[in-house]
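Report on the structure given below.
Every number here is computed from the coordinates shown, using simple stated rules; none is lab data. Source: prediction; values computed, not measured. Counting neighbours? That spans all protein chains shown, and the Cβs are built from the backbone with ideal geometry, glycine included.
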């Protein structure tokens, strides 16, 4: 996420680091009633579930190599998913 926080280009009140320049309130207003792509939502759910599974294995002390074998992903991908999730949790 970009740390360059600037005022929303619509309302000019809330700060945002969003690439589109909209704060969350203005983004919600502009996207109100729009249907999300069901396929994209399903992919996001699956990715989130996979991340959660990897995090649970890691919390149990299972090595990245064993996790990678279980979920059938490269070790580095498992590591990156854990690091990304931890980074998001710190925000």
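Angle of helix 75-90 to the longest C-alpha principal axis of the chain, folded into 0 to 90 degrees and rounded to 10: 40°. Peptides 57-66, 16-25 ranked from most to least packed, by the mean per-residue count of other Cβ atoms within 10 Å: 16-25, 57-66.
What does the C-alpha gyration tensor say about the overall shape of the range 47-87? Classify as rounded when a/c is under 1.5, otherwise prolate if a/b is larger than b/c, or oblate. Please list the in-between numbers first.
Details: a/c = 1.37, a/b = 1.22, b/c = 1.12.
Judged from the Cα gyration tensor, the range 47-87 comes out rounded (a/c under 1.5).
A simple spin-label model places pseudo-atoms 7 Å from Cα toward Cβ; at residue 39 and residue 79 they are separated by 3.4 nm. What's the angle, to the nearest 10 degrees (0 to 90), between helix 38-59's Cα axis and the longest principal axis of the chain? The helix 38-59 is inclined about 50 degrees to the chain. Multiplying each eigenvalue of the alpha-carbon gyration tensor of the chain by 5 and taking the square root yields semi-axes of 34, 17, 9 Å, largest first, rounded to whole angstroms.
Report summary: the helix-based calculation at 222 nm, which adds -39500 (n - 2.57) for every DSSP H run with n ≥ 4 and divides by the residues of the chain, gives -18500 deg cm²/dmol.
What length, rounded to one decimal in nm, is gained on full extension from residue 86 through to residue 60, with 0.36 nm per residue of separation minus their alpha-carbon distance? Show your work: numbers first, answer last.
Details: separation 26, 0.36 × 26 = 9.36 nm, distance 1.57 nm.
Roughly 7.8 nm would be gained on extension.
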